[in-house]
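Chemist: Quick one: the structure is below, and I'll ask about it shortly.
The values are calculated or read from the model by the stated rules, or taken from the named source; none is laboratory data. Not measured: the values here are computed from a predicted model. Cβ atoms come from the backbone with ideal geometry, glycine included; neighbour counts cover every protein chain shown. Surface areas here come from the heavy atoms of the whole protein model, side chains and all, with no ligands, DNA or RNA. Shrake-Rupley method; radii C 1.70, N 1.55, O 1.52, S 1.80 Å.
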Amino acid sequence: MKIALYGATGTIGKSILEEALRRGHEVTAVLRDVSKLEGLDQHEKLQVKTGDILMPDSVTEAATGKDVVISAFGPKFGQEDELSEVARTLVEGVKRGGAGRLIVVGGAGSLEVAPGVPLMDTPAFPEEWRPLARAHAEAYEIFQTSDIDWTYFSPAAVIEPGERTGNFRIGTNQLVTDELDNSRISVEDYAVALLDEVDEGHFVRGRFTVAY
């Protein structure tokens with residue numbers, strides 16, 4: 001498929017990029033600073049172009065002719081409100097550009113740990129993470145009310161670099177935990193699950209999550 005990818009220089013975005021190229025997809029990495037992808041830009045299936053995820057016209061241009069737009073955008077600390085702005089820009093740009101789908105790297109904070117109880121409202125949830133979790137939840141609501149084919153992909157409670165195993169469990173709106181009540185996933189396996197969704201499309205206009 002032809003994929004436009006935002007956030008390709010971040011930890012999660014880079015892993016998504018590598019997994020997409022591993023599967024033979026044609027990827028256009030859209031960056032404000034194209035020099036940040038030095039080395040990878042030599043791959044025959046990768047194009048790198050300048051663009052701004054906060055500008056609808058730029059997103060429209062990037063989305064034109066693409067099967068999927070993937071956003072791995074992450075705001076800087078203190079700028080969490082950008083997530084809602086980015087959500088609106090992505091919806092508008094993907095619609096105007098005619099891309100087939102939008103897949104968003106989301107947050108885990110709005111996943112339920114009990115009926116009606118999101119993870120971010122539990123006492124153990126780190127206070128410093130709440131603004132980001134709430135911003136992700138607000139962005140998720142924007143995608144839910146849009147009229148494009150979106151997919152919102154929430155990670156496990158803990159996501160960090162590790163191994164690519166290809167073995168994990170899939171959920172929807174509830175936090176996935178193991179027998180010890182831990183919820184975690186490697187960045188590499190998160191990327192595998194995301195590209196599985198690109199290839200198979202089980203959660204169009206919905207949310208899913210992943211954990212061991």
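Chemist: Helices (runs of 4 or more DSSP H) wholly in the stretch 1-110 with at least 3 residues that are over 30 Å from Val158 (Cβ atoms) - which ones? Show your work before the answer.
Modeler: On the way: elements: 11-22, 56-63, 82-97.
Result: 56-63, 82-97.
Chemist: Please state which of the following conditions Pro118 fails to meet, knowing it meets all the rest: (1) touching a residue at least 24 places away in the same chain (Cβ under 8 Å); (2) in contact with a Gly (Cβ under 7 Å, 6 or more places away or on another chain); (3) open to solvent by 20 Å² or more (accessible area, probe 1.4 Å).
Modeler: Here Pro118 meets the rest and fails (1).
Chemist: For the stretch 123-153, give me each residue that is assigned to a loop (DSSP other than H, G, I, E, B), open to solvent by less than 30 Å² (accessible area, probe 1.4 Å) and either in contact with a strand residue (DSSP E or B) (Cβ under 7 Å, 6 or more places away or on another chain) or of a type in the set (Phe, Trp, Tyr) (or both). Break it down stepwise before answering.
Modeler: Narrowing the stretch 123-153 to residues assigned to a loop (DSSP other than H, G, I, E, B): 123-126, 145-149.
Next cut, open to solvent by less than 30 Å² (accessible area, probe 1.4 Å) only: 125, 146, 148.
Residues satisfying the conditions are Phe125, Ile148.
Chemist: Would you call Val48 open to solvent by 40 Å² or more (accessible area, probe 1.4 Å), aliphatic (A, V, I, L, M), at negative phi and out of contact with any Lys or Arg (no Cβ under 8 Å at 6 or more places or on another chain)? Reasoning before the result, please.
Modeler: On the way: open to solvent by 40 Å² or more (accessible area, probe 1.4 Å): yes; aliphatic (A, V, I, L, M): yes; at negative phi: yes; out of contact with any Lys or Arg (no Cβ under 8 Å at 6 or more places or on another chain): yes.
Yes, satisfied.
Chemist: Does the stretch 36-44 contain any residue that is in contact (Cβ under 8 Å) with a residue 40 or more places away in the chain and either open to solvent by 50 Å² or more (accessible area, probe 1.4 Å) or under 25 Å from Ile142 (Cβ atoms) (or both)? Explain how you work it out, then say what you get.
Modeler: To start, the set of residues in the stretch 36-44 that are in contact (Cβ under 8 Å) with a residue 40 or more places away in the chain comprises none.
The answer is no, given that none of the residues of the stretch 36-44 is in contact (Cβ under 8 Å) with a residue 40 or more places away in the chain and either open to solvent by 50 Å² or more (accessible area, probe 1.4 Å) or under 25 Å from Ile142 (Cβ atoms) (or both).
Chemist: Further question on the same structure: With the structure loaded, tell me whether Met1 is touching a residue at least 24 places away in the same chain (Cβ under 8 Å), open to solvent by 60 Å² or more (accessible area, probe 1.4 Å) and more than 18 Å from the chain's Cα centre (by Cα) or whether it fails that test.
Modeler: Details: touching a residue at least 24 places away in the same chain (Cβ under 8 Å): yes; open to solvent by 60 Å² or more (accessible area, probe 1.4 Å): yes; more than 18 Å from the chain's Cα centre (by Cα): no.
Here the answer is no, as Met1 does not meet what is asked.
Chemist: Restricting the stretch 154-212 to residues that are among the charged types (D, E, K, R) and in a strand (DSSP E or B), which is surrounded by the fewest Cβ atoms within 10 Å (Cβ to Cβ)?
Modeler: Within the stretch 154-212, the subset among the charged types (D, E, K, R) is 160, 163-164, 169, 178-179, 181, 184, 188-189, 196-197, 199-200, 205, 207.
If we keep only those that are in a strand (DSSP E or B) as well, we get 160, 169, 184, 207.
On the way: Glu160: 12, Arg169: 14, Arg184: 18, Arg207: 20.
Checked the stretch 154-212; the qualifying residue surrounded by the fewest Cβ atoms within 10 Å (Cβ to Cβ) is Glu160.
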